[in-house]
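Heads up: the structure comes next, in C-alpha coordinates.
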Amino acid sequence: HVNPNFRTFTAVITAWAKAPGKRSADRAEEILQKMEDLHARAVKSGKRHNAFNSVQPNARTYTSVINAWARSRDPTKPQRALKILKKMIDLSKGGDESATPTVYSYNAAIDACARCQGTGEQQVQALKIAFAINKALIAADGVEPNGSTFGNLIRCAQYLIPAGDERNSVCKAVFQSAIKAGQVDRGVLRALQAAADRSLFDEVAGVTVDKMGHVQYDAIPFEWRKHANTA
(Lines give C-alpha, C1' and ligand atoms only; values in the text may rest on other atoms or scores of the structure.)
Protein backbone atom coordinates (compact mmCIF):
# COMPACT_ATOMS: atom_id res chain seq x y z
CA HIS A 1 0.00 0.00 0.00
CA VAL A 2 1.56 3.28 -1.13
CA ASN A 3 0.31 6.53 0.37
CA PRO A 4 0.26 9.66 -1.78
CA ASN A 5 2.87 12.29 -0.95
CA PHE A 6 3.14 15.99 -1.75
CA ARG A 7 4.32 15.22 -5.29
CA THR A 8 1.22 13.11 -5.97
CA PHE A 9 -1.14 15.76 -4.62
CA THR A 10 0.69 18.56 -6.46
CA ALA A 11 0.43 16.66 -9.74
CA VAL A 12 -3.34 16.30 -9.25
CA ILE A 13 -3.66 20.02 -8.41
CA THR A 14 -1.67 20.90 -11.55
CA ALA A 15 -4.03 18.73 -13.60
CA TRP A 16 -7.05 20.54 -12.15
CA ALA A 17 -5.34 23.88 -12.89
CA LYS A 18 -5.26 22.94 -16.57
CA ALA A 19 -8.74 21.41 -16.69
CA PRO A 20 -11.66 23.34 -18.15
CA GLY A 21 -14.73 23.66 -15.98
CA LYS A 22 -16.34 26.04 -13.51
CA ARG A 23 -15.17 24.20 -10.40
CA SER A 24 -11.61 23.31 -11.40
CA ALA A 25 -10.03 25.98 -9.19
CA ASP A 26 -12.30 25.06 -6.28
CA ARG A 27 -11.26 21.42 -6.63
CA ALA A 28 -7.58 22.40 -6.69
CA GLU A 29 -8.01 24.40 -3.49
CA GLU A 30 -9.99 21.59 -1.84
CA ILE A 31 -7.07 19.22 -2.48
CA LEU A 32 -4.68 21.81 -1.02
CA GLN A 33 -6.88 21.99 2.07
CA LYS A 34 -6.81 18.20 2.37
CA MET A 35 -3.00 18.26 2.21
CA GLU A 36 -2.86 20.90 4.94
CA ASP A 37 -5.28 18.88 7.12
CA LEU A 38 -3.33 15.63 6.64
CA HIS A 39 -0.05 17.36 7.42
CA ALA A 40 -1.47 19.04 10.54
CA ARG A 41 -2.84 15.67 11.72
CA ALA A 42 0.53 14.00 11.17
CA VAL A 43 2.34 16.73 13.11
CA LYS A 44 -0.19 16.50 15.96
CA SER A 45 0.19 12.72 16.16
CA GLY A 46 3.96 13.03 16.32
CA LYS A 47 4.55 11.03 13.13
CA ARG A 48 7.89 11.65 11.50
CA HIS A 49 7.83 12.33 7.80
CA ASN A 50 10.76 12.44 5.45
CA ALA A 51 10.88 14.35 2.18
CA PHE A 52 9.51 11.34 0.30
CA ASN A 53 6.33 10.60 2.27
CA SER A 54 5.47 14.08 3.49
CA VAL A 55 2.13 15.58 2.42
CA GLN A 56 3.13 19.09 3.45
CA PRO A 57 2.34 21.56 0.62
CA ASN A 58 5.28 23.55 -0.68
CA ALA A 59 5.67 26.66 -2.84
CA ARG A 60 5.09 24.67 -6.02
CA THR A 61 1.82 23.27 -4.63
CA TYR A 62 0.49 26.68 -3.62
CA THR A 63 1.58 28.22 -6.92
CA SER A 64 -0.30 25.49 -8.82
CA VAL A 65 -3.48 26.49 -6.97
CA ILE A 66 -2.87 30.15 -7.82
CA ASN A 67 -2.51 29.09 -11.47
CA ALA A 68 -5.82 27.24 -11.20
CA TRP A 69 -7.51 30.44 -10.07
CA ALA A 70 -5.78 32.44 -12.82
CA ARG A 71 -7.28 30.12 -15.44
CA SER A 72 -10.76 30.13 -13.89
CA ARG A 73 -13.63 32.37 -14.96
CA ASP A 74 -14.32 33.52 -11.41
CA PRO A 75 -14.24 37.35 -11.35
CA THR A 76 -12.93 37.25 -7.76
CA LYS A 77 -9.82 35.30 -8.79
CA PRO A 78 -7.44 38.20 -8.03
CA GLN A 79 -8.63 38.08 -4.41
CA ARG A 80 -8.45 34.27 -4.30
CA ALA A 81 -4.92 34.30 -5.69
CA LEU A 82 -3.86 37.05 -3.28
CA LYS A 83 -5.26 35.10 -0.32
CA ILE A 84 -3.11 32.06 -1.19
CA LEU A 85 -0.02 34.22 -1.78
CA LYS A 86 -0.52 35.89 1.62
CA LYS A 87 -0.81 32.45 3.23
CA MET A 88 2.53 31.47 1.65
CA ILE A 89 4.17 34.63 2.98
CA ASP A 90 2.75 34.03 6.48
CA LEU A 91 3.87 30.39 6.49
CA SER A 92 7.35 31.45 5.38
CA LYS A 93 7.55 34.07 8.14
CA GLY A 94 6.42 31.37 10.57
CA GLY A 95 9.39 29.19 9.68
CA ASP A 96 8.09 27.05 6.81
CA GLU A 97 10.75 27.87 4.23
CA SER A 98 9.30 25.36 1.76
CA ALA A 99 6.26 27.62 1.37
CA THR A 100 8.29 30.76 0.59
CA PRO A 101 6.82 32.32 -2.58
CA THR A 102 9.04 32.20 -5.67
CA VAL A 103 8.92 34.69 -8.53
CA TYR A 104 6.60 32.17 -10.24
CA SER A 105 4.17 32.48 -7.33
CA TYR A 106 4.05 36.27 -7.58
CA ASN A 107 3.80 36.14 -11.38
CA ALA A 108 0.91 33.65 -11.24
CA ALA A 109 -0.99 35.95 -8.86
CA ILE A 110 -0.39 38.97 -11.13
CA ASP A 111 -1.53 36.83 -14.09
CA ALA A 112 -4.78 36.11 -12.21
CA CYS A 113 -5.35 39.87 -12.03
CA ALA A 114 -4.63 40.39 -15.73
CA ARG A 115 -7.19 37.72 -16.62
CA CYS A 116 -10.01 39.25 -14.53
CA GLN A 117 -13.08 39.74 -16.74
CA GLY A 118 -15.49 41.00 -14.11
CA THR A 119 -17.28 44.32 -13.76
CA GLY A 120 -15.49 47.65 -14.15
CA GLU A 121 -15.15 47.90 -10.37
CA GLN A 122 -13.77 44.36 -10.15
CA GLN A 123 -11.21 45.20 -12.81
CA VAL A 124 -10.18 48.34 -10.94
CA GLN A 125 -9.63 46.20 -7.84
CA ALA A 126 -7.72 43.63 -9.91
CA LEU A 127 -5.33 46.35 -11.11
CA LYS A 128 -4.74 47.57 -7.55
CA ILE A 129 -4.08 44.01 -6.37
CA ALA A 130 -1.62 43.37 -9.23
CA PHE A 131 0.53 46.36 -8.34
CA ALA A 132 0.30 45.59 -4.60
CA ILE A 133 1.62 42.09 -5.39
CA ASN A 134 4.43 43.61 -7.44
CA LYS A 135 5.29 45.89 -4.51
CA ALA A 136 5.44 42.86 -2.20
CA LEU A 137 7.68 41.06 -4.70
CA ILE A 138 10.10 43.97 -4.83
CA ALA A 139 10.20 44.10 -1.01
CA ALA A 140 10.70 40.33 -0.58
CA ASP A 141 14.13 38.91 0.20
CA GLY A 142 15.83 36.55 -2.22
CA VAL A 143 13.49 37.09 -5.16
CA GLU A 144 13.49 39.61 -8.01
CA PRO A 145 10.94 40.53 -10.72
CA ASN A 146 11.69 38.92 -14.08
CA GLY A 147 10.51 39.42 -17.65
CA SER A 148 7.24 37.61 -16.96
CA THR A 149 6.54 39.94 -14.04
CA PHE A 150 6.83 43.03 -16.22
CA GLY A 151 4.99 41.38 -19.12
CA ASN A 152 2.10 40.42 -16.82
CA LEU A 153 1.89 43.95 -15.39
CA ILE A 154 1.72 45.41 -18.90
CA ARG A 155 -1.01 42.88 -19.71
CA CYS A 156 -2.87 44.11 -16.62
CA ALA A 157 -2.78 47.60 -18.12
CA GLN A 158 -3.97 46.25 -21.48
CA TYR A 159 -6.94 44.32 -20.12
CA LEU A 160 -7.91 46.36 -17.05
CA ILE A 161 -7.48 49.97 -18.25
CA PRO A 162 -9.34 51.44 -21.25
CA ALA A 163 -7.13 52.54 -24.16
CA GLY A 164 -5.83 56.07 -23.71
CA ASP A 165 -3.45 58.21 -21.70
CA GLU A 166 -3.78 56.33 -18.39
CA ARG A 167 -3.02 52.96 -19.98
CA ASN A 168 -0.08 54.44 -21.90
CA SER A 169 1.25 56.03 -18.71
CA VAL A 170 1.14 52.72 -16.80
CA CYS A 171 2.71 50.81 -19.71
CA LYS A 172 5.50 53.35 -19.97
CA ALA A 173 6.26 53.22 -16.24
CA VAL A 174 6.33 49.40 -16.18
CA PHE A 175 8.49 49.22 -19.32
CA GLN A 176 10.96 51.72 -17.91
CA SER A 177 11.15 49.61 -14.73
CA ALA A 178 11.89 46.56 -16.90
CA ILE A 179 14.69 48.48 -18.65
CA LYS A 180 16.14 49.52 -15.30
CA ALA A 181 16.04 45.89 -14.11
CA GLY A 182 17.64 44.63 -17.32
CA GLN A 183 14.64 42.33 -17.84
CA VAL A 184 13.34 43.36 -21.27
CA ASP A 185 12.85 40.11 -23.17
CA ARG A 186 10.68 39.36 -26.21
CA GLY A 187 7.64 38.80 -24.01
CA VAL A 188 7.91 42.26 -22.43
CA LEU A 189 8.33 43.90 -25.84
CA ARG A 190 5.37 41.97 -27.29
CA ALA A 191 3.20 42.92 -24.31
CA LEU A 192 4.08 46.60 -24.75
CA GLN A 193 3.38 46.37 -28.47
CA ALA A 194 -0.09 44.91 -27.79
CA ALA A 195 -1.02 47.27 -24.94
CA ALA A 196 0.35 50.70 -25.81
CA ASP A 197 -0.35 53.16 -28.61
CA ARG A 198 2.16 52.93 -31.47
CA SER A 199 3.36 56.45 -30.74
CA LEU A 200 4.26 55.49 -27.17
CA PHE A 201 5.93 52.27 -28.34
CA ASP A 202 8.06 54.24 -30.77
CA GLU A 203 8.91 56.72 -28.03
CA VAL A 204 10.15 54.20 -25.45
CA ALA A 205 11.20 51.24 -27.61
CA GLY A 206 11.88 52.87 -30.98
CA VAL A 207 15.44 51.55 -30.95
CA THR A 208 13.99 48.09 -31.76
CA VAL A 209 12.01 49.32 -34.79
CA ASP A 210 13.61 49.05 -38.24
CA LYS A 211 13.20 51.46 -41.18
CA MET A 212 10.17 49.49 -42.40
CA GLY A 213 8.44 49.96 -39.05
CA HIS A 214 8.89 46.33 -37.95
CA VAL A 215 9.95 45.38 -34.43
CA GLN A 216 13.28 43.57 -34.37
CA TYR A 217 13.58 41.57 -31.14
CA ASP A 218 17.26 40.94 -31.79
CA ALA A 219 17.77 44.70 -31.57
CA ILE A 220 16.90 44.87 -27.86
CA PRO A 221 19.90 46.71 -26.32
CA PHE A 222 22.10 44.56 -24.09
CA GLU A 223 21.61 46.89 -21.11
CA TRP A 224 17.86 46.35 -21.37
CA ARG A 225 18.10 42.54 -21.40
CA LYS A 226 21.29 41.84 -19.42
CA HIS A 227 19.45 40.03 -16.59
CA ALA A 228 16.67 38.50 -18.69
CA ASN A 229 16.37 34.78 -19.22
CA THR A 230 16.47 34.72 -23.01
CA ALA A 231 17.14 31.00 -23.33
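A few comments on the model shown:
- Local charge for ASN168 was computed over the other residues whose Cβ lies under 14 Å away, with Lys and Arg +1 and Asp and Glu -1, and equals -2.
- Note: relative contact order over the chain, using C-alpha pairs below 8 Å and six or more positions apart, is 14 percent.
- Inter-label distance for PHE222 and ARG73, nm, one decimal - labels placed 7 Å from Cα along Cα-to-Cβ: 5.0
- Extension gain, ALA173 to GLU203, is 9.5 nm, computed as 0.36 nm per intervening residue step minus the present C-alpha separation.
- Measuring nothing but protein heavy atoms, the accessible surface of the chain at 1.4 Å probe radius is 52 percent carbon and sulfur.
- Whole-number Å³ per residue for the convex hull built on Cα positions in segment 1-118: 99
- Extension gain, ALA40 to THR102, is 20.0 nm, computed as 0.36 nm per intervening residue step minus the present C-alpha separation.
- If you sort the three axes of the alpha carbon gyration tensor as a ≥ b ≥ c, you get a/c of 1.5 or more for segment 145-207 and a/b no higher than b/c, which makes it oblate.
- Among the listed pairs LYS86/LYS226; LYS135/LYS180; LYS47/LYS83, those whose Cα-Cα separation exceeds 23 Å are LYS86/LYS226; LYS47/LYS83.
- In the full protein context, the chain carries 56 Å² of accessible surface per residue, based on a 1.4 Å probe and ignoring ligands, DNA and RNA.
- Legend: helices of the chain (whole DSSP H runs) are marked when their alpha-carbon atoms reach 20 angstrom or more along the helix axis and their mean Kyte-Doolittle hydropathy is at least -1.0; marked are 24-45, 77-93, 120-139, 165-181.
- Dipole check for the chain: with +1 at the C-beta of Lys and Arg, -1 at the C-beta of Asp and Glu, and the Cα centre as origin, the magnitude is about 820 Debye.
- Cα gyration tensor shape for segment 76-231, rounded if a/c is under 1.5, else prolate or oblate: oblate
- The amide H of VAL209, built 1.01 Å from its N in the peptide plane, has GLN216 as neighbours under 5 Å, considering only residues 5 or more places off or on other chains.
The values are calculated or read from the model by the stated rules, or taken from the named source; none is laboratory data. All of these numbers come straight from a predicted model, not from anything done at the bench. Note that we place each Cβ from the backbone using ideal geometry, even for glycine, and neighbour counts take in every protein chain shown. With ligands, DNA and RNA removed, areas are computed over all heavy atoms of the protein, side chains included. Shrake-Rupley method; radii C 1.70, N 1.55, O 1.52, S 1.80 Å.
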